[in-house]
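One structure below.
The values are calculated or read from the model by the stated rules, or taken from the named source; none is laboratory data. Quick caveat: nothing in here was measured; it's all calculated off a predicted structure. Backbone-built Cβ (ideal geometry, glycine too); neighbour counts: all protein chains shown. Note: accessible area is taken over every heavy atom of the protein model, side chains too, but ligands, DNA and RNA are not part of it. Shrake-Rupley method; radii C 1.70, N 1.55, O 1.52, S 1.80 Å.
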Amino acid sequence: MLLGYVRVSTIEQNEARQIEALKARNVERIYIDKQSGKDTNRPQYKEMIEFMRDGDIIITESISRIARKTKDLLDFIDTITEKNVGFVSLKENIDTDT
């Protein structure tokens with residue numbers, strides 16, 4: 001299943017551009033957080049991590065939507081790798097399945 005993750009830093013910011021980018025990739029389920037990326041305790045992020053299954057792919061508009069720190073990104077990659085989940089970042093053109 002294609003899972004999408006969208007994050008904006010504040011409630012006032014608009015996530016529409018990110019959502020459209022994910023819809024263009026036929027993402028089936030989108031998780032949206034409206035809070036700073038400095039905090040890794042984001043409700044929809046956690047729900048996505050708990051939901052993901054073997055063979056799923058997480059797509060995001062940019063790496064910065066997933067993590068603001070390199071350590072947090074590496075922890076994320078470790079977590080999804082353990083569950084055999086792929087990762088795609090559209091802006092950076094990263095696809096761990098290729």
Hand me the GluC sites (Glu not before Pro) from the range 4-98 located in a DSSP loop with no more than 14 other Cβ atoms within 10 Å, in residue order please. Glu12, Glu28, Glu92
Carbon/sulfur fraction of accessible area - the chain, other protein chains in place, 1.4 Å, %: 47
Considering only the chain, percent of DSSP beta bridges that pair antiparallel, nearest 5: 10
About the Cα centre of the chain, what is the dipole size in debye to 20, counting +1 per Lys and Arg Cβ and -1 per Asp and Glu Cβ, all else neutral? 300
Rounded, prolate or oblate (a/c below 1.5 giving rounded, otherwise prolate when a/b exceeds b/c) for the range 14-98 by Cα gyration tensor: rounded
Taking loop as defined by DSSP and a crowding limit of 15 other beta carbons within 10 Å, which trypsin sites (Lys or Arg not before Pro) in the range 48-78 fit? Arg53, Lys69
Along the positive direction of the dipole of the range 1-73 (beta-carbon charges: Lys, Arg +1; Asp, Glu -1; about the Cα centre), which of Tyr45, Thr70, Gln35 reaches farthest? Thr70
Between beta-carbons, use under 14 Å as the cut-off and find the net charge around Ile77, counting Lys and Arg +1, Asp and Glu -1. -4
If you count only protein heavy atoms with a 1.4 Å probe, what accessible area per residue comes out for the chain, rounded to a whole Å²? 58
